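Read the structure below first, then the notes.
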Amino acid sequence: MLNRVRSAVAHLVSSGGAPPPRPKSPDLPNAPLAQTAAPPEAPRSPPARAGSAAPAKTVEARASFSRPTFLQLSPGGLRRADDHAGRAVQSPPDTGRRLPWSTGYAEVINAGKSRHNEDQACCEVVYVEGQRSVSGAPREPSQGQGLCFYYWGLFDGHAGGGAAEMASRFLHRHIREQLKDLVEILQDPSPPPLCLPSTPGAPGSSDSSHLVGPQSCWSSQKEVTHESLVVGAIENAFQFMDEQMARERRGHQVEGGCCALVVVYLLGKVYVANAGDSRAIIVRNGEIIPMSREFTPETERQRLQLLGFLKPELLGGEFTHLEFPRRIQPKELGQRMLYRDQNMTGWAYKKIELEDLRFPLVCGEGKKARVMATIGVTRGLGDHNLKVCSSTLPIKPFLSCFPEVRVYDLRQYEHCPDDVLVLGTDGLWDVTSDWEVAATVDRVLSAYEPNDASRYTALAQALVLGARGIPRDRGWRLPNNKLGSGDDISVFVIPLGGPGSYS
């Protein structure tokens, strides 16, 4: 059966014909696409033709089978990238036209966990043109300068690749839209204004007296930095992306959801936004600097329990917000058992009551921890149709689309060509520690000349190969004979220093 599926996909890919134009987002203006340093669109597996009688699930599966444009995969390359048996590592071709900052990238498909690779990646150079001046007057084309930001994104899909595919196409555009109001503000060293005119070009809107000055409301106020404006723009962009998925999930067959790990470089600072269980670290002079944290049922237990406590209707009478070391048996009613609630980091004893027999909102530990016995991540995009198994109870209210954003100021340090920012989906980190990644960084980069731009692609490939392992009788194995990662693995290696890194 699997061979027939592969043959059908291969036939679809090789059948020719240009794919249909990308769908426009209803909440984004009809503006030019973000500028990118990548070559033109690579061949993608086209969705079913209009008028096809294919079922909805088939349309979704075909439409979501594509790989990042910058890989420039031919139809044959797409077939190799989709081969679960060979699991060939994919990287951009060494044609002399590299990703921005000579970024390295590598990926590999899972060992059969899902039909296709549900990870997606995006690397763009995006120009932001301001849509108003600080005074509120419409900006003339010749007035002022826009902003340019560099963008990298990894999207780890689950329950289908549709959400990751959509996020890889549109999230950077939402960030651009959120930054449009900030172009002139970010270029002005003075503190940001508290208010902007609501109607640009309206009578009197060019009068700066209509703006609320920093000291006009209170004798003292919170300090708002330019950095916090960028953080807020990224956070809002994630929310708008999630809302777009909710609106279009039926028309575009966007099933499932995705974790999102995004890096934005703007005005000398690196902003790392994470929603999910992907991870980013900086390796600088042998030192490891965490740039994200994973959001799982364990790390967000108290937030989830608090929501269940405040809104018990979300539990549907099927779950309890309390956590116990194990599932309670009916014969244990009236006994005192260990528990903890939304306010506790430690454990205490309580008398078991009838409602405690319900299934816990958060159960399991490690990679087996689940919310409502269903999903193992608590932040991300999509999942609007996700329900508890054999139930109509929605899980989305417990899932947050807001990322945690960490900021790294590149101007505060003198970086060398071996200092890198490593982004990876959980397929890498499930079997590889931060220190093992740092050791691989040192081993691989030391084998190349500092000005050899291919060294970062070689490093990304080494990290993916090290996590995948080699095929043996009982699956993919690491050198220590432990199981390698059977998940999709995607890795970006972004150099933070060296010739041409910031150009």
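The values are calculated or read from the model by the stated rules, or taken from the named source; none is laboratory data. Computed from a predicted structure; not experimentally measured. Every residue, glycine as well, gets a Cβ built from its backbone with ideal geometry; the counts of neighbours run over all protein chains shown. Accessible surface is based on the protein model in full, side chains and every heavy atom, while ligands, DNA and RNA are left aside. Shrake-Rupley method; radii C 1.70, N 1.55, O 1.52, S 1.80 Å.
Can you tell me which residue in the stretch 86-115 is nearest to the chain's Cα centre (by Cα), limited to those that are on the phi > 0 side of the Ramachandran plot and open to solvent by 40 Å² or more (accessible area, probe 1.4 Å)?
Taking the stretch 86-115 as the starting set, the residues that turn out to be on the phi > 0 side of the Ramachandran plot are 87, 96, 101-102, 112.
Pick out the ones that are also open to solvent by 40 Å² or more (accessible area, probe 1.4 Å) and you get 96, 112.
Values: G96: 28, G112: 22 Å.
In this case the residue turns out to be G112.
What is the one condition in (1) more than 30 Å from V126 (Cα to Cα); (2) more than 24 Å from the chain's Cα centre (by Cα); (3) surrounded by 17 or more Cβ atoms within 10 Å (Cβ to Cβ); (4) aliphatic (A, V, I, L, M) that A447 does not satisfy?
If we test A447 against (1) more than 30 Å from V126 (Cα to Cα); (2) more than 24 Å from the chain's Cα centre (by Cα); (3) surrounded by 17 or more Cβ atoms within 10 Å (Cβ to Cβ); (4) aliphatic (A, V, I, L, M), just (3) comes out false.
Open to solvent by 50 Å² or more (accessible area, probe 1.4 Å), touching a residue at least 24 places away in the same chain (Cβ under 8 Å) and either under 29 Å from the mean Cα position of the chain (by Cα) or closer than 20 Å to S391 by Cα (or both), is that true of Q342?
Spelling it out, it is not the case that Q342 is open to solvent by 50 Å² or more (accessible area, probe 1.4 Å), touching a residue at least 24 places away in the same chain (Cβ under 8 Å) and either under 29 Å from the mean Cα position of the chain (by Cα) or closer than 20 Å to S391 by Cα (or both).
Can you tell me which residue is farthest from Y413 (Cα to Cα) among those in the stretch 275-287 that are at pLDDT 95 or above and open to solvent by 30 Å² or more (accessible area, probe 1.4 Å)?
It comes out as R279.
Quickly run through the stretch 203-228 and pick out the residues that are open to solvent by less than 40 Å² (accessible area, probe 1.4 Å) and either small (G, A, S) or at pLDDT 55 or above (or both).
Within the stretch 203-228, G204, S205, G213 meet the criteria.
Residue check: is V441 in contact with a Ser or Thr (Cβ under 9 Å, 6 or more places away or on another chain), in contact (Cβ under 8 Å) with a residue 24 or more places away in the chain, open to solvent by less than 70 Å² (accessible area, probe 1.4 Å) and not charged (D, E, K, R)? Before you say what the answer is, go through the steps one by one.
Details: in contact with a Ser or Thr (Cβ under 9 Å, 6 or more places away or on another chain): no; in contact (Cβ under 8 Å) with a residue 24 or more places away in the chain: yes; open to solvent by less than 70 Å² (accessible area, probe 1.4 Å): yes; not charged (D, E, K, R): yes.
No: the conditions fail for V441.
Specify the residue that is surrounded by the fewest Cβ atoms within 10 Å (Cβ to Cβ); the eligible residues are those in the stretch 119-133 that are at pLDDT below 95 and out of contact with any helix residue (DSSP H, G or I) (no Cβ under 6 Å at 6 or more places or on another chain).
Applying the filter and picking the extreme gives E129.
When you go through (1) closer than 30 Å to L463 by Cα; (2) modelled with pLDDT of 95 or more; (3) over 18 Å from the mean Cα position of the chain (by Cα); (4) not aliphatic (A, V, I, L, M) one by one for F319, which number turns out not to apply?
Condition (1) is where F319 drops out.
Which is within 21 Å of the chain's Cα centre (by Cα) and without any contact (Cβ under 8 Å) to a residue 40 or more places away in the chain, of T378, T374?
Just a single option satisfies the conditions, and that option is T374.
So which residues in the stretch 419-437 are in contact (Cβ under 8 Å) with a residue 60 or more places away in the chain, open to solvent by 10 Å² or more (accessible area, probe 1.4 Å) and of a type in the set (A, V, I, L, M, F, W, C), if there are any at all? Can you show your working first?
Narrowing the stretch 419-437 to residues in contact (Cβ under 8 Å) with a residue 60 or more places away in the chain: 419-430, 434-435, 437.
Next, from what is left, pick out any that are open to solvent by 10 Å² or more (accessible area, probe 1.4 Å): 426, 429-430, 434-435.
W429, W435 - these are the residues of the stretch 419-437 that are in contact (Cβ under 8 Å) with a residue 60 or more places away in the chain, open to solvent by 10 Å² or more (accessible area, probe 1.4 Å) and of a type in the set (A, V, I, L, M, F, W, C).
Check R326, R293, R336 and return the single one that is touching a residue at least 40 places away in the same chain (Cβ under 8 Å), over 17 Å from I395 (Cβ atoms) and either surrounded by fewer than 16 Cβ atoms within 10 Å (Cβ to Cβ) or of a type in the set (D, E) (or both).
Residue meeting the stated conditions: R293.
Inspect all residues belonging to the stretch 297-306 and state whether any of them is open to solvent by 40 Å² or more (accessible area, probe 1.4 Å) and touching a His at 6+ places or on another chain (Cβ under 9 Å).
There is at least one residue in the stretch 297-306 that is open to solvent by 40 Å² or more (accessible area, probe 1.4 Å) and touching a His at 6+ places or on another chain (Cβ under 9 Å).
Which ones in the stretch 379-393 are farther than 13 Å from A163 by Cα and not small (G, A, S)?
R379, K387, V388, C389, T392, L393
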